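The values are calculated or read from the model by the stated rules, or taken from the named source; none is laboratory data. Remember, predicted model here, so these are calculated numbers, not experimental data. As a convention, Cβ positions derive from the backbone with ideal geometry for all residues, glycine included, and neighbour counts pool all protein chains shown. These area figures cover heavy atoms from the full protein model, side chains too; ligands, DNA and RNA do not enter into them. Shrake-Rupley method; radii C 1.70, N 1.55, O 1.52, S 1.80 Å.
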Amino acid sequence: SHRTPVLTAIGNLVRVYSGLGVEEPKVKAGVGIVLEGRNEMKSNLYFLYYGVMLCFLAGGEAWTQWRDVMLPHLLSGQADDGSWATQGAGPNHGYADYLSKTDATAMALLALECSHRYVPKSMMK
């Protein structure tokens, strides 16, 4: 089977939203794949968004590992006018060649504000 960090992030986020706990083995394995792929895929805005959601909801070390790499990466990509440009082309870059600067900015902002908008599963009762 072909797996990518992007699809793994999306699929496991759906698992969590469907009620599967972040401590479930399949979700933990998915978080591991996402974290392993973060350097290779960090120019993919879809990966940034879904990866941040999954790792934030997982909390703990997963969130720390994600945040320490991805937050500086995202912030360094912001232009002086406050926007983000698309980065690269093809699947590893989320087909960014099809995104506008507005699309890229929206995805970057959604990824950055995730930790202010959601409560990690570990804190839910």
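Here's the picture: a label point sits 7 Å out from the Cα of Asp103 along the beta-carbon direction, and within region 10-44 the residues with their amide nitrogen under 14 Å of it are 44. Average accessible surface for region 1-93: 51 Å² per residue, computed with a 1.4 Å probe over protein heavy atoms with every protein chain in place.
You can think of it this way: the chain between Ser76 and Thr4 has 23.4 nm of extra reach, that is 0.36 nm per residue less the Cα-Cα gap.
Computed from phi, the 3J(HN,Hα) profile of region 51-58 under the Karplus parametrisation 6.51, -1.76, 1.60 (θ = phi - 60°) reads x, 5, 4, 5, 5, 5, 5, 5 Hz, with x in place of Gly and Pro. How much of the accessible area of region 4-82, probe 1.4 Å, is carbon plus sulfur, in whole percent? Carbon and sulfur atoms account for 54 percent of the accessible area of region 4-82. For Ser83 and Glu36, the FRET efficiency from 1/(1 + (r/R0)^6), where r spans their Cβ atoms and R0 equals 35 Å, is about 0.70.
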